[in-house]
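Notes follow the structure.
Laboratory data are not the source of any read-out in this text; all were calculated from the coordinates shown. For clarity, every value in this text was computed on a predicted model and none was experimentally measured. Every residue, glycine among them, receives a Cβ derived from its backbone with ideal geometry; neighbour counts consider all protein chains shown.
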Amino acid sequence: MTQSVWDATSLPEFSKVEPANIAKDLEALLEKNRADIEAVVAKNSAPTWASLVTPLDEIHDRLGHFWSPVSHLNSVQNTPEIREAYNACLPKLSEYYTELGQNKALYEAYKALAESEEAKTLTPAQTEALTQTIRDFELSGVGLEGDAKKRYGEISSRLSELSSQFGENVLDATRAWSKLITDESELEGLPESALAQAKQMAEAKEQEGWLFTLDIPSYLPVLSYADNQALREEMYTAYATRASEQSNEGKFDNAPLIDEILALRHEMAKILGFDNYAELSVATKMAENGQQVIDFLNDLAVKSKPSAEADLADLKAFAKAEHGVEELNSWDVGYYAEKLREKKYAISQEVLRPYFPINKVTSGLFYTAQTLFGVDIREESDFDTYHKDVKLFTISKDGEDIARFFLDPYAREGKRGGAWMDECRVRRRLDDGRLQLPVAYLVCNFTPPIGDKPALLTHDEVTTLFHEFGHGLHHMLTQVEVSSVSGINGVAWDAVELPSQFMENWCWQPEALAHIAGHHETGEPLPQDLLDKMLAAMNFQSGMQMVRQLEFSLFDFRLHREYQTGIKAQEILDDVRSQVAVTIPPAFNRFQNSFSHIFAGGYAAGYYSYKWAEVLSADAFSKFEEDGIFNTETGAHFRDTILANGGSRPAAELFEAFRGREPSVDALLRHSGIAA
């Protein structure tokens, strides 16, 4: 067996990242890459895999090793110095990747390899990598000439800048708002954990009282539990108007950026021969065309809206009968929903929190992965880190190390919101025969430990951790050695959420919860009555949750599909809401201005992927419902078909290999408590 080792280049050296040197070091590296690519092209009149792809993979990976820690620090430890360096690099990277995608000589070399005799002997992973690379050249405008080619490069560069600016505006607008409360009577209804966190935040700023921010661990408890309606309204308004003309004197307003991003994406799609950006987006996805996506979302909406309407009617009736509330405002919905949940099921996220200390949850997560996929996970103590809360773990199988991952669990200042998995190192065969092992970043924004208590997670946060770890497993359990289709690389974007959403299912299984939950003081398992209530409440308001996700998906897809000059995002959003939503936010709500998934992330005309992949994940999990949720044979089958193959085979083919048939929407509707 060829050697696979952890060496000096296996992990980023965060402590050696010097913001002042990043831009010039990148420039030197890009120049070296350009020269090396030119040399590869020059000697490939009759290209082979070894003479063309192997050296190019080395060149691409070298850049990845350099840029990965910089990009990561910009997201998790955002300082003015890192931000300045990061933004200075974006135009250079954009120019480099545009050049690469439009390098005709390189494109012709790949095509020549695909048509050569050697192509008949390549592995399926190599063949798929070639197919995708040639397609990506064509989608990068390799066939463009003159003004069109120049314009494509300008658009790519500008979009890169706008995307970064959008994310920064959301981060800065979130950061800019806080509220200090000194009278505890204004905070009635808030759970002890939220009060303790607010007190700790005030102390950290050397203030007396309770400090609240728009970060989710601070914001959500207020909207869910604070009896003080004026406080709920104030925080809702601040959150819903972030990065808009209504906050910070318009300093971080993302509306002009949205207009420019949409116009440029549409222009780029037209240059490449597509009717709109949605069709360009779908060109690399499982969905066959834009109409199929619209039909899929509309079909789900038709099946889900009656359930959502029933949920809302139930909530309104309860708020009126029990609390005398005639009209539910947007800042009231979450509050009365929690009251209704407690009345119906005598359960809340806060009641469950003591049973989900983070160490117990992670050990339960690891037990689940170890049992299903035959791996072992151990924590490392000696590594170069960028924050004291970050942990490093190694995954091994059959006694051999196969991957590593960083876990960065808690919300803090200078860290962008949300949760994500990102690639740090990709699994690939090096040109010296050794195997580079995959490394992942797993990032969350959980409520941090308070005082001498461990971090206590809500059940929602537990499912978030399982979700991101599912992405991590997809990246780390790959057996593919070709970097462009290894792990999550090359996976159709509307299938990439399959492993992540699949892993969430174990958070609802009594057999798994026995390992995931345990009281932080006594270790006592989740009491049977609490477990029964939690499971009974599993589909509480699932109809409303479903149409909310469909609202986001349809808004995103229609925005990119129906674009024309002068189009207003708000008008599309209002129209989508009139079709699928059951609660309409106030006119001042500017949700789109902080919709980072589609304006600062990879989900443009692709947010529907969450629902598309949820169909796949629910159907895949139904196989475990049939065989047993810890059935090791079924787990190994999922590992060997879905996880191990990465992007080396089409997602539909891999799903059918696992399930033995095409996917069905029935399991998703059943799991959601929505009758088909």
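Under the classification rounded if a/c is under 1.5, otherwise prolate if a/b is larger than b/c and oblate if not, where does segment 1-110 fall, given a ≥ b ≥ c as square roots of the Cα gyration tensor eigenvalues?
oblate
Counting only residues 5 or more places away or on other chains, whose amide H sits under 5 Å from the amide H of F446 once H atoms are built in the peptide plane?
The list, which skips near neighbours in sequence, is Y410, A411.
Full extension from E203 to R661: what is 0.36 nm times the residue separation minus their Cα-Cα distance, to one decimal in nm?
That pair, E203 and R661, stretches by 159.1 nm at full extension.
Ordered by residue, what ³J(HN,Hα) values in Hz, to whole numbers, does segment 102-118 give under the Karplus form 6.51 cos²θ - 1.76 cosθ + 1.60, where θ = phi - 60° and Gly and Pro are x?
Values, residue by residue: 10, 7, 5, 5, 5, 4, 5, 5, 5, 5, 4, 5, 5, 9, 7, 5, 4 Hz.
Each residue of segment 20-31 in turn: what ³J(HN,Hα) in whole Hz from Karplus with 6.51, -1.76, 1.60 and θ = phi - 60°, glycine and Pro shown as x?
5, 9, 4, 5, 6, 5, 5, 4, 5, 5, 5, 5
Which order do the peptides 83-96, 116-129 come out in when sorted by mean C-beta neighbours inside 10 angstrom, highest first?
Highest to lowest by the protection proxy: 83-96, 116-129.
How far apart, in nm, are two points set 7 Å out from the Cα along the Cα-to-Cβ line at E322 and at K120?
Those two pseudo-labels are separated by 7.2 nm.
Show that you can apply the helix-only estimate: for the chain, add -39,500 (n - 2.57) for every DSSP H stretch of four or more residues, divide by all residues, and state [θ] at 222 nm to the nearest 500.
Dividing the helical sum by the residues of the chain leaves -18000 deg cm²/dmol.
Using Cα centres only, tell me the gap between segment 339-408 and segment 58-98 in whole Å.
29 Å
Give me the orientation-averaged projected area of the Cα convex hull of segment 221-366, in nm², one decimal.
Averaged projected hull area, Cα only: 14.5 nm².
Looking at the chain, send over the antiparallel percent of its DSSP beta bridges, to the nearest 5.
Numbers: 24 of 30 bridges.
So the antiparallel bridges amount to about 80 percent of the total.
How would you order 625-637, 261-273, 490-502 from highest to lowest mean count of nearby Cβ atoms within 10 Å? Write down the numbers at each step before the final one.
Numbers: 625-637: 14.8, 261-273: 18.5, 490-502: 24.8.
Order by mean packing, descending: 490-502, 261-273, 625-637.
Read phi for every residue in segment 334-342 and hand back ³J(HN,Hα) as whole Hz from Karplus 6.51 cos²θ - 1.76 cosθ + 1.60, θ = phi - 60°, with x for Gly and Pro.
Calculated HN-Hα couplings, in order: x, 5, 6, 4, 5, 4, 5, 4, 5 Hz.
If Lys and Arg each add +1 and Asp and Glu each add -1, what is the summed charge of the other residues whose beta carbon sits under 10 Å from the beta carbon of E380? Please report the intermediate quantities before stating the final value.
Numbers: positive: R378, K391, R404; negative: E379, D382.
So the surrounding residues net to +1.
Within 10 Å, Cβ to Cβ, of I22, how many net charges do the neighbouring residues add up to if Lys/Arg are +1 and Asp/Glu are -1? Please list the in-between numbers first.
Values: positive: K24; negative: E18, D25, E27, E81, E84.
Residues close to I22 contribute a combined charge of -4.
Considering the Cα trace of segment 278-434, what is its radius of gyration and what is Dmax, both in angstroms?
Final numbers for Rg and Dmax: 23.5, 74 Å.
Around Q579, under 11 Å between beta carbons, what's the net of Lys plus Arg minus Asp minus Glu among the other residues?
The answer is 0.
Over segment 177-250, what is the mean sequence separation of C-alpha contacts under 8 Å (at least six apart), divided by residue count, expressed as relative contact order in percent?
After rounding, I find 32 percent.
Remind me, relative contact order of the chain in percent, using alpha carbon pairs under 8 angstrom and six or more residues apart?
About 17 percent, as a whole number.
For the pairs K303/K568; K92/K150; K199/K415; K43/K111; K199/K533, note any where the Cα-Cα span goes beyond 23 Å. List each step's numbers first, then the result.
On the way: K303/K568 29 Å; K92/K150 15 Å; K199/K415 20 Å; K43/K111 15 Å; K199/K533 31 Å.
Checking Cα-Cα distances, K303/K568; K199/K533 exceed 23 Å.
Given axes a ≥ b ≥ c from the Cα gyration tensor, I'd like to know whether segment 114-173 is rounded (a/c under 1.5), prolate (a/b larger than b/c) or oblate. Numbers along the way, then the final one.
Values: a/c = 7.67, a/b = 1.86, b/c = 4.11.
It comes out oblate by the Cα gyration axes.
Please say if segment 523-676 is rounded, prolate or oblate, where rounded means a/c under 1.5 for a ≥ b ≥ c the square roots of the C-alpha gyration tensor eigenvalues, and otherwise the choice is prolate for a/b larger than b/c and oblate otherwise?
Since a/c reaches 1.5 but b/c is at least a/b, the shape of segment 523-676 is classed as oblate.
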